[in-house]
Amino acid sequence: MNIDMQVNKLPARTYRWLKLNGEKVAVKDASFDRTSLRVSNIPTGVTLVEGMSLEESDEFFEDLHKICESRDADEALPNGDNDHAGKSQLVRTGMGSDMDRLIEASECGVTYISCGEGCEIAEPVVLSGGGDGSGVSSQLIRVPKGASMTVIMDMYSQSEDQALEAVSTRFLVEKDAFLKLVKVQMLGRQVTYLSDLGGMVLDGGRFEMVEMELGASKSYSGICVNLMGDHSSSLVNTGYMASGKQFYDFNYIAEQRGVKTDSEAVFRGVLTDKATKNWRGSLDFRKGSKKSVGDEQEDTLLLSPEVINRTIPLILCGEEDVDGHHGASIGQLSDDMLFYMESRGIDKEEARKIMIRARLDSIARMIPEGKLRNHVSRYLDEAI
Amino acid sequence: MSEDLKKSVSDINQSMYDFKDEENEQDFYREKAGFTREIIENISREKKDPDWMREFRLKCLDLYNKMDMPDWGPDTDGLDMDLISSYVRSKSDMKGKWDEVPEDIKNTFEKLGIPQAERESLAGVGAQYDSELVYHNVKDEVAAQGVVYTDFESAVTGEYADMVREHFMKLVPPTDHKYAALHGAVWSGGSFVYVPKGVKVEIPLQSYFRLNAAGAGQFEHTLIIVDEGADLHFIEGCSAPKYNVANLHAGCVELYVRKNARLRYSTIENWSKNMYNLNTKRAYVEEGGVMEWVSGSFGSHTSYLYPMTILQGDRSRMEYTGITFAGGGQNLDTGAKVVHNGKYTSSIINTKSISKDGGIGTYRSSVTINASAQHAKSSISCDSLMLDSISRSDTIPGMDIRTNDADVGHEAKIGRISDDAVFYLMSRGIKEEDARAMIVSGFADPVSKELPLEYAVEMNNLIKLEMSGNG
């Protein structure tokens, strides 16, 4: 399979030389040997359908398509708006429509995960992935009215071979429902990882996500949360550490359409050696999202003179009565903090490790499952 | 808060700028519309360009024809380049006394208050009408310090020709973007300023640009060199009457701030709402130099305006303070760019944006910290205020950091006028509309306090007029 992809597009293009309008990914001679994510734990009360065709999966979004089709009418768009929003992708994802083309071409089956209305599933659904060769998978998660569910996606491999892992996930959080999604990526250092996510949250629903990006050679992660319903909310926490020549490319979009929606995102990470990171974060307040609030915070620690850190935090606003905020702090360890630590008998190298660890642990400790949390902890021990 | 009150907010009061003067063939020369080799050669001949400049113009035209339009930013479909006349000038020569300037042109600048400002508070004035300067003067005591302030055409061929040739379009090369190439091909008018080593010009110099002709373009070139340890405040003002056809402004500003020098460049842009303002400004700052931009964008139909600073020397710094007020029918895409190359360089970007009545205000910026810029610091703050729900306000700030020794902080906020703040002021006996005007004035205060007093007063008056609905 050969596909030239343009992924993680910025919702409103800017200067070309900044190289932040999106990333090109050339998939060459790819053949997928296996499903990327396999179900390893299904708690009681969860409905699981594997191997569903893309056509069958589309039916779940028919009603949503109807809602989506009426949106954007007569709405002024930001300068440099990309046409992918609302047109080629009715249910928008972070990576965009080219990822859909890849999934379609791979002919992989869709895994559908859901539960009954009002069900509170205490135990997490666990999907595990990674291994030899290349993998692809597509998930559809639906949390019905009043239900709550946690889904863990654990991608791990020790393979030193070049490979591709492509994972596409769409979700629907219905009225007053709750979904917590945990994505942990600790793939081998020759793997290219494509992780696409997009979904909708309806009235009173809440979406939470914990994401840890630690492995792979190149990782592209796109997240789009559409807060369609009134009083819907989302919280995304991402932690990452890139070293060597690792390349991480993130695209986060919170599309706020309902009244009194609330989005919050924290991106916290460490770059060292010759690592490169691009981060695009967009709060997109659409017309009608009155009294909505949005906040995104980025905290990046740079530990080598050869790192490249590109950041572009957008606030797009077509509604007057909203409150959007972005804050970023990019730099090295503060001399004051290092001095403080040294004055307490902790040498510079140890102090550095403590500070890196503290940053990443602040996200990792949100992983609800002990076994995975410990695995991440051991991985970080070795990496740091 | 009543919706009616919000709707009463009207466009900026343009009456003092929106007056037209008839331009007849007897007194004015107008080049035909479009951008062809023949037209460029005509302009070059008219201006008695040296050979190198003529060849440069033609190369730029080739580049312009080959280059793409940007695929980002506001829509420019309403700008038909085949209808824009690149060169319109009065048949009268440039004068050094207002009394000698043709009566109709002098009246225009009188209405804009330029001669009065020169008498009261400026060290020198250049006044451009359409494509050429019609008046240029610098006070004797400033000239006596060795300060050179002249029209650009004279500079290209006169005493400073070598200095001009060495710097002209080196900071903004014609390959930079399509409209930089266009500027290189058709530039006309503008100013050249040289401040010698150690000279501190106590009161500002000002250039005022007036585009009176319908369907014309203005392409002035400003080159300022502030030599070692020198200090200058330069003010640029722009206005035009409103026509039903598009006008184009594609000027270019190149600023060199030498070692330990300081330059403050203030712009009050109030072009009419049929203007496409595609202007390019760039500063190069050497060791210990300081570049300060103060920018107020009130006019234009469409703006692409991002003054750029290259902090080349160690310990050089820049500060950008800007306000953009986008009203009905306006799409103002403004901001700043900075590149840190030197060690211990610092930049501060502080912008305010107000959108109302369907206007689109976009803050767009870039901060680049290269590997050589160890210990660089950058602080960016952009606040936007939306006055109604039919407007748009977007912030698009890019950052590219390539050293671990940098310290970058960024804050952005978008919001509306707080009901609590209005309620508080009303509970102290202030009327609702006055309370709203006070809050907007307070929002703009960090910018207005950086402006020269006369401009700050004018800006605050405009805000009050707007908020009272009497504009």
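Quick check on my filter: what residues within the stretch B:427-446 are of a type outside the set (D, E, K, R) and exposed (fewer than 15 other Cβ atoms within 10 Å of the Cβ)?
B:Ser427, B:Gly429, B:Gly442, listed by residue number.
Right, B:Val201: modelled with pLDDT of 85 or more, closer than 24 Å to B:Ile39 by Cβ and touching a helix residue (DSSP H, G or I) at 6+ places or on another chain (Cβ under 7 Å) or not?
For B:Val201, the condition - modelled with pLDDT of 85 or more, closer than 24 Å to B:Ile39 by Cβ and touching a helix residue (DSSP H, G or I) at 6+ places or on another chain (Cβ under 7 Å) - is not met.
Restricting the stretch A:1-16 to residues that are among the polar types (S, T, N, Q) and within 14 Å of chain B (Cβ to nearest Cβ), which is nearest to A:Leu127 (Cα to Cα)?
Out of the qualifying residues, it is A:Gln6.
Can you say whether A:Leu194 is in a strand (DSSP E or B) and closer than 21 Å to A:Glu123 by Cα, as far as the supplied structure shows? Explain how you work it out, then say what you get.
Working: in a strand (DSSP E or B): yes; closer than 21 Å to A:Glu123 by Cα: no.
So A:Leu194 fails the test.
Scan the stretch A:94-141 for residues that are free of Cβ contacts under 8 Å to residues at least 24 places away in the same chain and under 22 Å from the mean Cα position of the chain (by Cα) and report the count.
Let us first name the residues in the stretch A:94-141 that are free of Cβ contacts under 8 Å to residues at least 24 places away in the same chain, namely A:97, A:107.
Keeping just the survivors that are under 22 Å from the mean Cα position of the chain (by Cα) gives A:97.
Qualifying residue count, the stretch A:94-141: 1.
Consider the stretch A:1-20. How many of its residues are free of Cβ contacts under 8 Å to residues at least 60 places away in the same chain and among the basic types (Lys, Arg)?
Residues that pass the stated criteria total 1.
Among the numbered criteria (1) without any contact (Cβ under 8 Å) to a residue 60 or more places away in the chain; (2) surrounded by fewer than 24 Cβ atoms within 10 Å (Cβ to Cβ); (3) polar (S, T, N, Q), which single criterion is violated by A:Thr192?
(1)
I'd like the residue in the stretch A:325-352 that is assigned to a helix (DSSP H, G or I) and surrounded by 15 or more Cβ atoms within 10 Å (Cβ to Cβ) and, out of all such residues, is farthest from the other protein chains (Cβ to nearest Cβ).
Per the stated criteria, the residue is A:Met341.
Hey, does the stretch B:337-351 have a residue that's within 12 Å of another protein chain (Cβ to nearest Cβ), in a strand (DSSP E or B) and either under 22 Å from A:Asn21 (Cα atoms) or at pLDDT 95 or above (or both)?
Checking the stretch B:337-351: at least one residue is within 12 Å of another protein chain (Cβ to nearest Cβ), in a strand (DSSP E or B) and either under 22 Å from A:Asn21 (Cα atoms) or at pLDDT 95 or above (or both).
With under 12 Å from the mean Cα position of the chain (by Cα), over 19 Å from B:Glu220 (Cα atoms) and crowded, with 23+ Cβ neighbours inside 10 Å as the only criterion, which of B:Gly327, B:Gly299, B:Gly289, B:Gly322 stands out?
That would be B:Gly322, the only listed residue that is under 12 Å from the mean Cα position of the chain (by Cα), over 19 Å from B:Glu220 (Cα atoms) and crowded, with 23+ Cβ neighbours inside 10 Å.
Can you find, within the stretch B:180-232, the residue that is nearest to B:Arg57 (Cα to Cα) among those that are in contact with a Ser or Thr (Cβ under 7 Å, 6 or more places away or on another chain) and of a type in the set (Ser, Thr, Tyr)?
That would be B:Ser188.
As an exercise: evaluate B:Met67 against (1) within 19 Å of B:Gly251 (Cβ to Cβ); (2) over 25 Å from the mean Cα position of the chain (by Cα); (3) modelled with pLDDT of 90 or more and give the number of the one condition it does not meet.
Evaluating B:Met67 over (1) within 19 Å of B:Gly251 (Cβ to Cβ); (2) over 25 Å from the mean Cα position of the chain (by Cα); (3) modelled with pLDDT of 90 or more leaves (2) as the failure.
State all residues of the stretch A:274-286 that are over 20 Å from B:Ala412 (Cα atoms) and either modelled with pLDDT under 95 or among the hydrophobic types (A, V, I, L, M, F, W, C) (or both); if no residue qualifies, say none.
Of everything in the stretch A:274-286, just one residue is over 20 Å from B:Ala412 (Cα atoms) and either modelled with pLDDT under 95 or among the hydrophobic types (A, V, I, L, M, F, W, C) (or both), namely A:Ala275.
Would you please list the contacts, defined by Cβ atoms under 6 Å and residues six or more apart or on different chains, that run from a residue in the stretch B:226-240 that is within 15 Å of B:Lys281 (Cβ to Cβ) and in a strand (DSSP E or B) to a residue that is among the aromatic types (Phe, Trp, Tyr) and modelled with pLDDT of 90 or more?
Short answer, once both residue conditions are applied: B:Phe234/B:Tyr265.
Out of all the residues in the stretch A:104-127, which are surrounded by 17 or more Cβ atoms within 10 Å (Cβ to Cβ) and closer than 19 Å to A:Lys183 by Cα?
A:Val110, A:Thr111, A:Tyr112, A:Ile113, A:Ser114, A:Ile121, A:Pro124, A:Val125, A:Val126, A:Leu127
Please verify whether B:Arg364 is touching a residue at least 60 places away in the same chain (Cβ under 8 Å), surrounded by 20 or more Cβ atoms within 10 Å (Cβ to Cβ) and within 7 Å of another protein chain (Cβ to nearest Cβ), treating the condition exactly as stated.
Judged against the criteria, B:Arg364 is a match.
I'd like to know if the stretch A:17-34 contains one or more residues that are within 14 Å of chain B (Cβ to nearest Cβ), in contact with a Gly (Cβ under 7 Å, 6 or more places away or on another chain), buried (at least 16 other Cβ atoms within 10 Å of the Cβ) and farther than 30 Å from A:Gly116 by Cα.
Within the stretch A:17-34, the subset within 14 Å of chain B (Cβ to nearest Cβ) is A:17-22.
Then drop every residue that is not in contact with a Gly (Cβ under 7 Å, 6 or more places away or on another chain), which leaves A:18, A:20.
Imposing the further condition that a residue be buried (at least 16 other Cβ atoms within 10 Å of the Cβ) reduces the set to A:18, A:20.
Filter again for farther than 30 Å from A:Gly116 by Cα, leaving A:18, A:20.
Checked against the condition, which is being within 14 Å of chain B (Cβ to nearest Cβ), in contact with a Gly (Cβ under 7 Å, 6 or more places away or on another chain), buried (at least 16 other Cβ atoms within 10 Å of the Cβ) and farther than 30 Å from A:Gly116 by Cα, the stretch A:17-34 yields at least one hit.
Say we look at the stretch B:374-410 and pick out the residues that are within 20 Å of A:Lys277 (Cβ to Cβ), assigned to a strand (DSSP E or B) and touching a Pro at 6+ places or on another chain (Cβ under 7 Å); which of these is nearest to the other protein chains (Cβ to nearest Cβ)?
Among those residues, the one meeting the criterion is B:His410.
Out of the stretch B:388-425, which residues are basic (Lys, Arg) and within 19 Å of A:Leu77 (Cβ to Cβ)?
B:Arg392, the sole residue that qualifies.
If B:Ser272 satisfies every condition in (1) more than 14 Å from chain A (Cβ to nearest Cβ); (2) assigned to a strand (DSSP E or B); (3) hydroxyl-bearing (Ser, Thr, Tyr) but one, which is the exception?
(2)
Got at least one residue in the stretch B:418-429 being within 9 Å of chain A (Cβ to nearest Cβ) and not β-branched (Val, Ile, Thr)? Spell out how you get there, then give the answer.
Going through the stretch B:418-429, the residues within 9 Å of chain A (Cβ to nearest Cβ) turn out to be none.
No, the stretch B:418-429 contains no residue that is within 9 Å of chain A (Cβ to nearest Cβ) and not β-branched (Val, Ile, Thr).
Of everything in the stretch B:315-336, what is part of a strand (DSSP E or B), within 14 Å of chain A (Cβ to nearest Cβ) and within 10 Å of B:Gly361 (Cβ to Cβ)? Give them in sequence order.
Result: B:Thr324, B:Ala326, B:Asn331, B:Leu332, B:Asp333, B:Thr334.
The values are calculated or read from the model by the stated rules, or taken from the named source; none is laboratory data. Here the structure is a predicted model, which means the values were calculated and not measured. Cβ atoms come from the backbone with ideal geometry, glycine included; neighbour counts cover every protein chain shown.
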